[in-house]
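A short write-up of the structure that comes next.
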Amino acid sequence: MIQRVCNHTALLVVGIAIGAALTAGWHGLTTTPRAHAVATHGADNFAIATGLVDDQIEALYFLDYLTGDLRAAIVNRRNGQFTGYFRYNVLQDFEAIGDPPRFLMVTGMADIPRGSGPTQIGKALIYVAEASSGQVAAYVLPFNSTLNAAGAPQTGTFVRVARGSFRDAFVRDE
């Protein structure tokens, strides 16, 4: 009789342990955190980069070195098409730069208060630097998640949030 009680107790303990392990796995306690990566690439006359605008949505950023046009395109979650388009000319934010300008562009994460309305600041900062002058500016994208969720098109412009210089003297290529 004692052996039978021990067997039933052992089975009950094993069953509880297996159930707890399955429950923990089901609720995501055993999963690894997601990695978020951005990409940047440049060529002679332009640069492209990616960066988050919302938790699950990235934008593709494009900087044309010749015109100074900074553009963004956002794929819509609902229909898989580009529906968000944004544009801004960065030349107005850089003083006394060479001709042609030598731009660099990267993105970074922004933990800036985003507001509470439908249009919020995107989660990425877009850094644009001019290599000859050492000037740099940071931009954010005002993004309307409601329009994106509805599959509706949206257009707008970037907002410059910071500007500075990392070089004291202008460097001219000879």
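Out of the residues in region 68-125 that are β-branched (Val, Ile, Thr) and surrounded by 15 or more Cβ atoms within 10 Å (Cβ to Cβ), state the one that is nearest to Arg167 (Cα to Cα). Explain how you work it out, then say what you get.
Looking only at region 68-125, we keep the residues that are β-branched (Val, Ile, Thr), and these are 74-75, 83, 90, 97, 106-107, 112, 119, 121.
With surrounded by 15 or more Cβ atoms within 10 Å (Cβ to Cβ) added as a condition, the list becomes 74-75, 83, 90, 97, 106-107, 121.
On the way: Ile74: 34, Val75: 37, Thr83: 39, Val90: 19, Ile97: 12, Val106: 18, Thr107: 21, Ile121: 29 Å.
Result: Ile97.
Does any residue of region 25-38 turn out to be at pLDDT below 80 and in contact with a strand residue (DSSP E or B) (Cβ under 6 Å, 6 or more places away or on another chain)? It would help to see each step written out before you state the result.
To start, the set of residues in region 25-38 that are at pLDDT below 80 comprises 25-38.
Then keep just the ones that are in contact with a strand residue (DSSP E or B) (Cβ under 6 Å, 6 or more places away or on another chain); that gives 38.
Yes: region 25-38 contains one or more residues that are at pLDDT below 80 and in contact with a strand residue (DSSP E or B) (Cβ under 6 Å, 6 or more places away or on another chain).
Name the pairs: first residue in region 149-168 and on the phi > 0 side of the Ramachandran plot and in contact (Cβ under 8 Å) with a residue 24 or more places away in the chain, second residue surrounded by 14 or more Cβ atoms within 10 Å (Cβ to Cβ) and not in a strand (DSSP E or B), Cβ to Cβ under 7 Å, at least 6 apart or on different chains?
Filtered contacts from region 149-168: Gly151/Asn76.
Table: residues versus (1) closer than 30 Å to Arg78 by Cβ; (2) touching a strand residue (DSSP E or B) at 6+ places or on another chain (Cβ under 6 Å); (3) modelled with pLDDT under 90.
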site: Ile126; (1), (2), (3): yes, yes, no
site: Tyr139; (1), (2), (3): yes, yes, no
site: Asn148; (1), (2), (3): yes, no, yes
site: Val159; (1), (2), (3): yes, yes, no
site: Arg163; (1), (2), (3): no, yes, no
site: Asp173; (1), (2), (3): no, no, yes
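Determine, yes or no, whether His8 is exposed (fewer than 11 other Cβ atoms within 10 Å of the Cβ), of a type outside the set (A, V, I, L, M), within 30 Å of Ser133 (Cα to Cα) and at pLDDT below 80.
Numbers: exposed (fewer than 11 other Cβ atoms within 10 Å of the Cβ): yes; of a type outside the set (A, V, I, L, M): yes; within 30 Å of Ser133 (Cα to Cα): no; at pLDDT below 80: yes.
Against the criterion (exposed (fewer than 11 other Cβ atoms within 10 Å of the Cβ), of a type outside the set (A, V, I, L, M), within 30 Å of Ser133 (Cα to Cα) and at pLDDT below 80), His8 does not qualify.
The values are calculated or read from the model by the stated rules, or taken from the named source; none is laboratory data. Remember, it's a predicted structure, so these values are computed and weren't measured experimentally. Glycine also receives a Cβ, built like all others from the backbone with ideal geometry; neighbour counts cover every protein chain displayed.
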